[in-house]
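Report on the structure given below.
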Amino acid sequence: MQAPANEPDCRPGPPRLLVPVLVFLGVVTAAGGSLGAPLLPTVAAVEHVSLAASQWALTVSLLVGAIAAPVAGRLGDGRLRRPVVLASLAAALVGCVLSALPTGFVGLLIGRMLQGAGGGLVPLAIATARDELPAERGRPAIALLGVTTAIGIGVGYPVVGAITQQFGMAAAFWAGAAVTALALLAAARVLPEGPDREARGLDWPGATLLAVCVAAVLLALSQGQSWGWVSIRTLAAIALAVAMLAGWVARELNTRRPLVDVRLLRHRAVLAANVSVLLVGVGIYPLLSLVVRLVQTPTGAGYGFGESPLVAGSLLVPFSFASFAANKAAGALLRRRGPDTVVVAGCVLLVAAMAQFRLGRGTLWELGIAMALAGFGVGWVFAANPLQLVRGVPPHETGSATGFYQVVRSTGFALGSALSATVLTSATPRGRSIPASSGYDTAAVFGICALIVATAVSAAFLRPAKTASQSPPAPAPAARSTR
């Protein structure tokens, strides 16, 4: 039975600060991950490496983050949740400091790997919200946590661009270290102990298979353009990824303590959340890099704006604010129609955003409209997806299921990014470094097609309104182990 609201709370820290701190952790994670993307040209110049090599400053963080999400989710589904969160933040803090120091390119890559450890914080935050909050507070908190990625990216890109432009690359990482340290202190003060559930252990063979699979995918995506998409090396990396994925699924189905219970994908809501976020990632994530690149393209190309990285990054601010506003606006619709309907509505808005980019990108304000539409659509999808997951999994599987969801979402982002890069490269005339404007048209069309498929698939998962609007009652807080 749910404990009365006025019953004394034995959890550490003021309960009213729990949700703000959880949201702060999610934003810090996303903003920390965004340190890589805007800095790639600067990394290449400062570390004297090629732009292709500098891409690894982003790739290694994505790789570690993709593995950290399900691992941290599994370890944190019980009494180890608080230590896992604090250890993840401590690793990310050390990574920021190491990246800021003049340790060379190898030191930078190690630092970025450590920053990727923060990739498991959002699943743990969602699991905490489900375990610690009553239903009337838990559902909106989980929805808000779902959009922290979009909010963090929208905040991180322009801030990182401004700091780097004024003070250099190291200053951006020192700023990241300061914010991460603040998050660590806040978590240590407010985060409660994890529920006193039986320790489930970690499937290390399963984690290894998943790590190799994700590494092979990212290797193919990051190097496919330079190797050639049909080269032996690229095809070998893809084949390795497929083999590791098959081995991982077989392992998870036949072990008593899986890293991720893949059988949960048989639940309609869980499958809907993962399929929709994969397609949405493929369709809309390229818009972020397309806009940033387009705004910085010299006007001599016939279509660019020739603006600074700071101005280009600032165009992501409407994306961030719209994501936050969408989360607030989704509350009533989530209650009346359920998360499945909200996902479909969000996908429709994303189609409109990419269509706006395809048809009207001659001025900065037109690009701002596209980014605002994208932010609102992403806000609805990412707010509803975690609620779909929570509806379909038992409490002790929340961290693991949301961790796997993070892997699927990151994979969609990577696929979309690689697709847009390939299209722009194909549209670049021989001997030139700037693609033709038609390349942006083609990339937009690919995005529109992926998002239309996402809309159709999400609509296929719709449940009757009366059923969809029902949510499982929040479980009573489990007994705590004393510190």
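The values are calculated or read from the model by the stated rules, or taken from the named source; none is laboratory data. Worth saying up front: this structure is predicted, and the values here are computed from it rather than measured. With ideal geometry, Cβ positions are generated from the backbone for all residues, glycine too; neighbour counts draw on all protein chains shown.
Listed values, structure above:
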item	result
Selection count where residues are in contact (Cβ under 8 Å) with a residue 24 or more places away in the chain and either surrounded by 20 or more Cβ atoms within 10 Å (Cβ to Cβ) or part of a loop (DSSP other than H, G, I, E, B) (or both), scope segment 422-444	5
Residues located in segment 253-299, provided they are among the small types (G, A, S) and modelled with pLDDT of 85 or more	A272, A273, S276, G281, G283
Residue match in segment 387-395 (condition: crowded, with 20+ Cβ neighbours inside 10 Å, touching a Leu at 6+ places or on another chain (Cβ under 6 Å) and within 21 Å of H267 (Cβ to Cβ))	yes
Residue list for segment 214-262, restricted to those being aliphatic (A, V, I, L, M), touching a Leu at 6+ places or on another chain (Cβ under 8 Å) and more than 17 Å from A66 (Cα to Cα)	A237
Checking M354 against (1) modelled with pLDDT under 85; (2) buried (at least 24 other Cβ atoms within 10 Å of the Cβ), the condition it does not meet	(1)
Scope segment 262-302; condition without any contact (Cβ under 8 Å) to a residue 12 or more places away in the chain and of a type outside the set (A, V, I, L, M); matching residues	R263, R266, T299, G300
Selection count, segment 208-248, where residues are buried (at least 18 other Cβ atoms within 10 Å of the Cβ), at pLDDT 85 or above and of a type in the set (S, T, Y)	1
Test: residue in segment 61-79 that is over 30 Å from G206 (Cβ atoms), at pLDDT 80 or above and outside the structural domain of V212 (by TED's automatic domain parsing)	no
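So that you can scan it fast, the table gives a plain yes or no per residue for (1) assigned by TED's automatic domain parsing to the domain that holds G416; (2) closer than 30 Å to A355 by Cβ; (3) outside any helix (DSSP H, G or I):
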| site | (1), (2), (3) |
| --- | --- |
| A215 | no, no, no |
| Q225 | no, yes, no |
| I238 | no, no, no |
| A269 | yes, yes, no |
| N274 | yes, yes, no |
| V292 | yes, yes, no |
| G300 | yes, yes, no |
| L310 | yes, yes, no |
| G313 | yes, yes, no |
